[in-house]
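Following: one structure in structure tokens, then a few remarks.
The values are calculated or read from the model by the stated rules, or taken from the named source; none is laboratory data. This one's a predicted model, so the numbers in the text were calculated from it and none came from an experiment. Cβ placement follows ideal geometry from the backbone for every residue including glycine, while neighbour counts extend to all protein chains displayed.
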């Protein structure tokens, strides 16, 4: 066990999190901040004036991940902000799942190509852009990447659209490829696949899924997801690489 002095002398670890403004992202910020990490956040929105975790605008990057050029600009910005040129964890949490009129699920027949392209840019291409763009900083820290996939990536879901679901399936496959390639650089890459989590974006009818499909008979909480993300970014999971962890109360069985 390290002494108190040794622990104090350890450099402060840094997390970069996309999609930090609500739900799982919000809980993840709180979890890492509480453990003493510096948390850099990315979202479409400017830094919130009423920030609950005591960060400042210098730790927030406003970026439109659906725009390739703006994402590249943000990566350059992030690189300049990293102390010591090290990034200890990258969590690709940002995602979009558009709905049709009245909240209708967008299926494979009706979703137009513009929507497919935008969804894949945010949900699939942005994560690999972030990881590639910050590979030197991740390697310097022997860091960890966590991609947030979904239960919808492995089964047809009554609410998640076809483009969202397939983008998450692609992200799961990308996680395996990254684990193989980044692992040789000392960077671990894993994924978490949440099921029905109690956030503000739950669809009407989720209660039926809980009753009929989830053995634990309840929704998950954002903090339950954040705790697993935290484990995957720390020494506790030092030999875990290329895994996709299901966080769904048994919904996938």
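Against the test of being touching a helix residue (DSSP H, G or I) at 6+ places or on another chain (Cβ under 8 Å), modelled with pLDDT under 95 and in a helix (DSSP H, G or I), the options 160, 131, 170, 152 yield a single qualifying residue, 152. Given the criteria in a loop (DSSP other than H, G, I, E, B), modelled with pLDDT under 95 and over 23 Å from residue 110 (Cα atoms), does residue 216 qualify? Yes; evaluated as a whole, the condition is true for this residue.
All of (1) touching a residue at least 12 places away in the same chain (Cβ under 8 Å); (2) part of a helix (DSSP H, G or I) hold for residue 73 with one exception: (1). When restricted to residues that are within 24 Å of residue 43 (Cβ to Cβ) and surrounded by 14 or more Cβ atoms within 10 Å (Cβ to Cβ), segment 82-112 contains 15.
Would you confirm whether or not segment 227-242 contains a residue that is out of contact with any strand residue (DSSP E or B) (no Cβ under 8 Å at 6 or more places or on another chain) and crowded, with 21+ Cβ neighbours inside 10 Å? The answer is yes; a qualifying residue exists. Would you say residue 65 is surrounded by 13 or more Cβ atoms within 10 Å (Cβ to Cβ), part of a loop (DSSP other than H, G, I, E, B), modelled with pLDDT of 95 or more and within 18 Å of the chain's Cα centre (by Cα)? When the stated conditions are applied, residue 65 passes them. Scanning segment 134-149 for residues that are assigned to a helix (DSSP H, G or I) and surrounded by fewer than 24 Cβ atoms within 10 Å (Cβ to Cβ) returns 135, 136, 137, 139, 140, 141.
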